[in-house]
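A short worksheet on the structure shown next.
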Amino acid sequence: MDYTLLTMLLKDLVILPLQEIKLELKDEISKNIIKISSKKYNDRVLIVSPLNYEEEEHSIADLPKVGVVAYIKNKIELNNGNIRVTLKGEKRVRVLSYESFSSEIIDAVVTDIELPKLDATKELVIRKKLKETIKKYIDSSPSISNSILKTISEKEDLNFITDVITTFIPITTLKKLNYMQEINSEKRAYSLINDLNLEMNYINLENKIDNNIDNKLRKEQEEFYLKEKLKEIEGMLGLNDTSKKDIKKLYEDAKKLKLEEKTYKKIENEIKKLEGISSSSPEEVIIRNYLDWIFNLPWHNASKENLNSKSVINSLNKSHYGLFKVKERIEDYVNLKNINNEISNPIICLVGPPGIGKTTISKSIASALSREFYKISVGGLNDSTELIGNRRTYLGALPGKIMQGLKRCGTNNPVILIDEVDKMVKDYKGDPASVLLDILDSNQNKYFIDNYIEEPFDLSNVLFILTANNKEDIPYTLYDRLEVIELSSYTSFEKKDIAKKYLISNIMEEFKLSKKITIKDETITYIIDNYTKEAGVRDLTRILKKLITKTITDKKTYSISIEDVIKYLGKGDYLEKREEVKISGVVNALAYTPYGGVVMPLECSIYSGEEDIITTGLPGNILKESVNVSVSYIKEKEYVSNTMFYNHVIHIHFLESAIKKEGPSCGVAITSAILSKLLDVVVSSEIAFTGEISLKGRILPVGGIKEKVISAFNNGIKKIYIPNDNQKDLFNIPDEIINNIEIKLVSDYENIYDDLFRKK
């Protein structure tokens, strides 16, 4: 299919498919091309390099018939008027014609190139030969990084491999232009093999010449002369035996690391640099800092792991209440490790409200497995170099947090907690989520390269645990590789057990109290019901600490009663029970947030005026649509005369206006609030609703049922209407809640209408 793109000419610069380049555009023509392409051509622009690139001016006849479509990945308008743009080559295309877009801008009619099909066996042989040649080339040239091997090792597309290698190796612009113009990947591969072999011959010849020169200089007289002269120079520079010993020790330490040959040579070269520079040189500090990091990384040092499943689970039960899914997954992991010690570590992501123990259970997992523990918080992180470090050319450069954590742990198999992955930020500084893929994926992290360290480090032994409050906010590319374990809010019964079995004893241990604090069950229940409504136990912990502190300060008997609670804490935030609603138009909706379930009252008022629907209380677009659906449903069913809607305003208000509300789970509650007002029927404050409604009254399933039911129970709700399709979600709710709250499963709103509004 033919299509049109604007043409950008790059002189003395060639871009290939898969290659990414950064340019700072100064001339108005190039800046206009980028702006127009972003708006009208889906961020795509045709990049061509003139065949006679040394000429200053070019005619359309000089332009080649093959170009590369590039994606405008990023652009920033600078204060000086220039545009900094990042272009990424996508594919070669054939140019059918060039035409004038404007007086200065050229557009081109292009078509996709049908790549020639190669014989599979022949392509396999060529691909194998090319990979062997590039590996030999890298091994023969110590100045070339071996990161390209990781990029092409698992690839089978010859087009991909040849373009990556062409981008990577140092060749002239003209030769690179010829590679770009060549459509046939087989021909490109042959040319690359030939060029690489030629370059290796040059390198071998240079090495041979250097060796001959070195041999000639090793004559006895010259050696004696040079040694004597060296002594004089060292004396003049103030170099003593201590510095020689330091260098010698560095060589010995490097050998002890038992690194791969390529990495060892790199370290050896750094030591040679250090040996040849003055101690007063600023570069000396940079090299010593780099070597210090290299020698202190746990390349082969691993802690002995506890693989006794019974011991691990006992340890986790001792430190944490509940969290059975997490404990079960760790038990399965330990059992598999006993069968095959080389299995890949899982990438576990714990999702749930704050305060339920995601961070502390991660630390306990490390302790139970006898591994070191390190925490990295990525909430608000937008700079990917925080994770993978800076290049050594930057002032004050350091490795990323991953390598810092490994150095601090001193082992290559710690448990690393990456906290708040749902709060990462993607902007012009980078995409931390994409960087995390290289860090977490066991297929890639075996050869993880930190920008500062510059050499591959094996992260496959690390057990990564991630945490998030809301799984919907986890970047999809990252979420796809995670093993998500959802953790729910605690019920008041669970909170009481946690307080009795863990919190009080932990506080006593923290305060180093020799005498036991006594708190009766009814006092703990009173505290939970009247002073906390959170999903976790952070508030409960703070309150218990305050009570115990006040008790031991007063130096009375070490027991806390309900009277003491009121005395020390005052009137509880939730001491007043829910008031019985005595007016129509007010109902309770159940909502789910990243911080747990909530009971959200909503109100409906109807008054004379030009027919309109008003929503307030920070509702999102989905909630506003739910209001419109509810009104249309009521009109169609004619539960009331439609004349009641004429010249009337329907006002729906979601209480707690400071919090933005969004999500498809409030349609049933909205419909009930409107009918309550229209029919002047009071709906009890002990009733709550969740579920979305269709135009025909069908009640649709929603998420977060467990969190919503727990929140309703904790808030004194006695009866809940939930969608019939959510019945499966009730099996995860504790029996003490199910047995003490009435749950009505409904599939059509008629069921609710009959229950609440139809006259008996």
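The values are calculated or read from the model by the stated rules, or taken from the named source; none is laboratory data. Note that the coordinates shown come from a computational prediction; the quantities given were computed from them, not determined experimentally. Using ideal geometry, Cβ is built from the backbone for each residue, glycine included, and neighbour counts are taken over all protein chains shown. Note: accessible area is taken over every heavy atom of the protein model, side chains too, but ligands, DNA and RNA are not part of it. Shrake-Rupley method; radii C 1.70, N 1.55, O 1.52, S 1.80 Å.
General remarks:
- Checklist (1) in a strand (DSSP E or B); (2) over 30 Å from residue 644 (Cβ atoms) applied to residue 740, failing item: (1)
- Criterion: among the aliphatic types (A, V, I, L, M), out of contact with any Pro (no Cβ under 7 Å at 6 or more places or on another chain) and farther than 30 Å from residue 533 by Cα - qualifying residue of 343, 365, 356: 343
- Pairing each residue of the stretch 514-528 that is of a type outside the set (Val, Ile, Thr) with any residue that is assigned to a helix (DSSP H, G or I), provided the two are 6+ apart or on different chains, yields C-beta distances under 6 Å for 526/562.
- Within the stretch 437-449, if we keep just the residues that are in contact with a Ser or Thr (Cβ under 8 Å, 6 or more places away or on another chain) and more than 12 Å from residue 416 (Cβ to Cβ), the residue that is most open to solvent (accessible area, probe 1.4 Å) turns out to be 446.
- Taken together, 70, 61 contain a single residue that is under 32 Å from the mean Cα position of the chain (by Cα), within 23 Å of residue 179 (Cα to Cα) and among the small types (Gly, Ala, Ser), which is 70.
- Test: residue in the stretch 665-684 that is part of a strand (DSSP E or B), open to solvent by less than 40 Å² (accessible area, probe 1.4 Å) and touching a helix residue (DSSP H, G or I) at 6+ places or on another chain (Cβ under 6 Å): no
- Of all residues in the stretch 695-705, those being surrounded by fewer than 16 Cβ atoms within 10 Å (Cβ to Cβ) and either aromatic (Phe, Trp, Tyr) or in contact with a helix residue (DSSP H, G or I) (Cβ under 7 Å, 6 or more places away or on another chain) (or both) number 1.
- Pairs are defined by a Cβ separation below 8 Å, a sequence spacing of at least 6 or placement on different chains, a first member in the stretch 245-256 that is without any contact (Cβ under 8 Å) to a residue 60 or more places away in the chain and of a type in the set (Lys, Arg), and a second member that is in a helix (DSSP H, G or I) and open to solvent by less than 50 Å² (accessible area, probe 1.4 Å); the pairs so defined are 255/264.
- Only residues that are under 13 Å from residue 367 (Cβ atoms) and either in contact with a Cys (Cβ under 6 Å, 6 or more places away or on another chain) or touching a residue at least 40 places away in the same chain (Cβ under 8 Å) (or both) were counted in the stretch 314-336, giving 4.
- Residues (open to solvent by 30 Å² or more (accessible area, probe 1.4 Å), in a loop (DSSP other than H, G, I, E, B) and of a type in the set (Val, Ile, Thr)) located in the stretch 151-176: 171, 172
- Among residues of the stretch 615-629, those that are more than 32 Å from the chain's Cα centre (by Cα), in a strand (DSSP E or B) and closer than 24 Å to residue 697 by Cβ, counted: 1
- Within the stretch 226-269, being outside any helix (DSSP H, G or I), at pLDDT 80 or above and open to solvent by 50 Å² or more (accessible area, probe 1.4 Å) holds for 258, 260.
- Selection status of residue 42, on the phi > 0 side of the Ramachandran plot and not small (Gly, Ala, Ser): yes
- Filter result (in a helix (DSSP H, G or I), among the hydroxyl-bearing types (Ser, Thr, Tyr) and surrounded by fewer than 18 Cβ atoms within 10 Å (Cβ to Cβ)) within the stretch 7-54: 38
- Any chance residue 434 is open to solvent by 10 Å² or more (accessible area, probe 1.4 Å) and part of a helix (DSSP H, G or I): yes
- Lone unmet requirement of (1) over 16 Å from residue 466 (Cα atoms); (2) modelled with pLDDT under 90; (3) not in a helix (DSSP H, G or I) for residue 371: (2)
- In the stretch 18-29, the residues that are of a type in the set (S, T, N, Q) reach residues that are assigned to a strand (DSSP E or B) and modelled with pLDDT of 90 or more with C-beta atoms within less than 8 angstrom, at least six apart or across chains, in these pairs: 19/88; 19/89.
- Of the listed requirements (1) at negative phi; (2) touching a Phe, Trp or Tyr at 6+ places or on another chain (Cβ under 9 Å), residue 712 misses just one: (2).
- The helices (runs of 4 or more DSSP H) found entirely in the stretch 444-533 that carry 3 or more residues being closer than 30 Å to residue 544 by Cα are 492-498, 504-511, 521-531.
- Taking first residues from the stretch 123-139 that are open to solvent by less than 50 Å² (accessible area, probe 1.4 Å) and partners that are not hydrophobic (A, V, I, L, M, F, W, C), the Cβ contacts under 6 Å between residues at least 6 apart in sequence or on separate chains come to 138/146.
- Matching residues in the stretch 494-524 - criterion: being in contact with a Ser or Thr (Cβ under 7 Å, 6 or more places away or on another chain) and either within 26 Å of residue 324 (Cα to Cα) or among the acidic types (Asp, Glu) (or both): 496, 503
- For the stretch 613-627, a tally of residues being within 21 Å of residue 586 (Cβ to Cβ) and open to solvent by 40 Å² or more (accessible area, probe 1.4 Å) returns 5.
- Test: residue in the stretch 576-587 that is within 30 Å of residue 547 (Cβ to Cβ), within 43 Å of the chain's Cα centre (by Cα), at pLDDT below 80 and buried (at least 17 other Cβ atoms within 10 Å of the Cβ): no
- Counted residues, the stretch 708-737 - those being assigned to a helix (DSSP H, G or I), at pLDDT 90 or above and under 20 Å from residue 682 (Cα atoms): 0
- Output for the stretch 589-605, where each listed residue is assigned to a strand (DSSP E or B), over 25 Å from residue 698 (Cβ atoms) and in contact with a helix residue (DSSP H, G or I) (Cβ under 8 Å, 6 or more places away or on another chain): 596, 598, 603, 605
- Restricting attention to the stretch 743-760, the residues being among the aliphatic types (A, V, I, L, M) and in a helix (DSSP H, G or I) number 2.
- Tally, over the stretch 465-509, of residues that are among the aromatic types (Phe, Trp, Tyr) and in contact with a Cys (Cβ under 9 Å, 6 or more places away or on another chain): 1
- Residue 374 meets the conditions (1) open to solvent by 10 Å² or more (accessible area, probe 1.4 Å); (2) more than 20 Å from residue 350 (Cα to Cα) in every case but one. The failed one is (2).
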